[in-house]
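A.B. asks: Below is the structure I would like to discuss, written out as C-alpha cells.
Derivation of every value follows stated rules applied to the coordinates shown; laboratory data play no part. In this text, all values refer to a predicted model and were calculated from it rather than measured experimentally. Quick reminder, even Gly has a Cβ in these numbers, built from the backbone with ideal geometry, and neighbours come from all protein chains shown.
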C-alpha cells in the first residue's frame, strides 16, 4: 500500500485543466467563475439543482450597478464535489441526516509550496514522505515530490485535533523545511507558489451516507482520503465514476430524478476503493488514541496484518473525535517560540499569500461569517489567546486594538487574504465561524499546484 513505484506525481491543477478540455470535447458545459451558493429543492424535498451566487453585491449585501443575480442549474441528479468541508455539502448532511450513525469527520491542514530547484539537486520521480518532526504532541508529517521541469512540491500536514492553541501549522511547515534532509534540496532555489487546504482524515468510518433524494456526495465532499498514503484523488475520481454510472443506469431505465441512487453506495462498497480504505481505517485514529510512537506501531501492525490477509485478527474499527473539541485553554499549555523567517528557506504569511495569487473583490459581503460577533473576544481571546491568528495559514484573522473602546481588542477579518482552506470552519473552538462561498471566481489561483 505504501509503495509509490509506478505512480505519477504531477500538478492536480494541470490535470484538472486537461480533464476540462476532454469533458468539453464530449459536450459537457463547464461554468468557471461561478460558485454554487445555494441548494434548490423540489416541493417533495428532493434536490433539484443549485443556484450560483449573486454578483455585484456590496459589503452590506446590497446590489450595486454591476449586480447580476445568480442562475439556477437544474438536473435530475446533482452531484456535490466541493472538496473538503464543502459549504453546501455540510447543509445537505444536516438536512438529510447523512452523518447519523457514522464517526465524526476529522481533518488535517496541508500547506504546500512549489520550488524551482538547482538542476543538480533535481531527481525526477523521487518521493519523500516524513512523519512527526518538528511536531511533538500531535500527528502530522511532510512530503517532497520531485516533479518535472526542475520543480519540487513540498508540503506539511498538521492534524487539526492538536491541543495547544499556540501551535501554528504555517510555522510548523516553515520549520519542516529546515530539516537537514530537506533544506539542502531547497538551498539556492526559488519558491514560486504557495497554497493550503484542509484534508479529510476521518477514514472509512467517517464517510457519511452518500446519497439523498435527487443527488449524491462524491470526492472529498464525502471524504475518501487514504490517510497513511496521503492520497485521495484516485478514490475521489473513482467515486465520481461510480456515481455517474449509477445515474446513467437510473436514467436509462426511465428514472426521472428525485430518488436515491442506491446503486452508487452499493457499487462503492464492492469497489477496490472501499477495500483500500477498509485496510487503512485504523491508521489515523490510532495516532489520536495512542500517541505518535505507540499509534504508529499499532497502525503499522494493523496495515501489515491487512496486507497479509490477516485483518480478521483485528476486526475492530477505532473511532474519531471532532477536532475543535481537542483544543485546550491557553492557561493549560505552553507558548511556542517560532523563529523569524530568513527570507530564503522560511517566509512569512503575507509573502506566501502573495504567491497563491489570491484575489477577492474588495466590496463584497464577507464570506467568513460569525454566528456571534462577541465570541472571538469574549471566549476565543479570553480563554484560548486568539487561536484564529495562528491556525489560519493566510493571515485572515488578527486581533487589533479597537480605537473606539479604549484599547480593547477586536477581531479583524482580512477576508481578501483567504485561500479557502476551511481550517477556520473546522478548528474554531466555539464553532462560531462559518465559511460560505465568496463572489464567484474569487480566491486562490493555483495554476501548477
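A.B. asks: When the chain is treated as a GNM, springs tying every alpha-carbon pair under 10 Å, which of 334, 423, 178 comes out with the largest mean-square fluctuation?
C.D. replies: Highest fluctuation of the listed residues: 334.
A.B. asks: Stretch residue 382-residue 436 to full length: gain in nm at 0.36 nm per residue minus the Cα-Cα span?
C.D. replies: Gain on extension, residue 382 to residue 436, equals 16.8 nm.
A.B. asks: Multiplying the sequence separation of residue 249 and residue 448 by 0.36 nm and subtracting their Cα-Cα distance, what value in nm do you get?
C.D. replies: Extra length from residue 249 to residue 448 when fully extended: 68.0 nm.
A.B. asks: Still on this structure: Where the Cα atoms of the stretch 133-275 are projected onto their three principal axes, how long is each span, largest first, in whole Å?
C.D. replies: Cα spread of the stretch 133-275 along its principal axes, largest to smallest: 62, 40, 24 Å.
A.B. asks: Sorting check: for 391-398, 112-119, which peptide has the highest mean count of neighbouring beta carbons within 10 Å, and how do the rest follow?
C.D. replies: Descending packing order for the listed peptides: 391-398, 112-119.
A.B. asks: Roughly how many nanometres apart are two label points built 7 Å out from the Cα toward the Cβ at residue 305 and residue 15?
C.D. replies: Placing both labels 7 Å along Cα→Cβ, they lie 3.2 nm apart.
A.B. asks: I would also like to ask the following. Compute the relative contact order of the stretch 338-449 as a whole-number percentage, counting only Cα pairs closer than 8 Å that sit 6 or more residues apart in sequence.
C.D. replies: Values: 150 pairs, mean separation 40.1, N = 112.
Relative CO of the stretch 338-449 lands at 36 percent.
A.B. asks: Turning to a different aspect of this structure: Given an 8 Å cut-off on Cα distances and at least 6 residues of separation, report the relative contact order of the chain as a percent.
C.D. replies: In percent, rounded to a whole number, it is 20.
A.B. asks: Averaging sequence separations of C-alpha pairs under 8 Å and six or more residues apart, then dividing by the length of the stretch 107-200, give the relative contact order as a whole percent.
C.D. replies: Over the stretch 107-200, the number comes to 44 percent.
A.B. asks: R0 = 22 Å: FRET efficiency of residue 272 with residue 231, Cβ-based, nearest 0.05?
C.D. replies: Computed FRET efficiency for residue 272 and residue 231: 0.95.
A.B. asks: For the chain, with a Gaussian network of springs between Cα atoms less than 10 Å apart, report the residue from 128, 111, 433 with the top mean-square fluctuation.
C.D. replies: Comparing 128, 111, 433 in a Gaussian network model of the chain, the most mobile one is 128.
A.B. asks: Highest mean first, what order results for 209-222, 408-421, 317-330 on Cβ atoms within 10 Å? If you can, show how the numbers build up before the last one.
C.D. replies: Working: 209-222: 24.1, 408-421: 19.1, 317-330: 17.0.
Per-residue mean Cβ counts within 10 Å order the peptides as 209-222, 408-421, 317-330.
A.B. asks: If you take the beta carbon distance between residue 337 and residue 398 as r and set R0 to 25 Å, what does 1/(1 + (r/R0)^6) give as a FRET efficiency, to the nearest 0.05?
C.D. replies: Efficiency computed from Cβ-Cβ geometry: 0.85.
A.B. asks: Something else about it: Given only helices, namely DSSP H runs of n ≥ 4 each adding -39500 (n - 2.57), what is the per-residue ellipticity at 222 nm of the chain, to the nearest 500 deg cm²/dmol?
C.D. replies: After summing the helix terms and dividing by the residues of the chain, the value is -7000 deg cm²/dmol.
A.B. asks: While we're looking at this one, here's another question. May I ask you to order 252-264, 233-245 by the average number of other C-beta atoms within 10 Å around their residues, highest value first?
C.D. replies: Packing proxy ranking, top to bottom: 233-245, 252-264.
A.B. asks: Report which label in (i) 1.15; (ii) 0.95; (iii) 1.04 holds the value of Rg/Rh (Cα atoms, Kirkwood Rh) derived from the coordinates of this structure.
C.D. replies: (ii)
A.B. asks: Full extension from residue 314 to residue 357: what is 0.36 nm times the residue separation minus their Cα-Cα distance, to one decimal in nm?
C.D. replies: 10.8 nm
A.B. asks: Over all distinct alpha-carbon pairs, what is the Kirkwood Rh of the stretch 327-435 in angstrom?
C.D. replies: Evaluated on the stretch 327-435, it is 15.2 Å.
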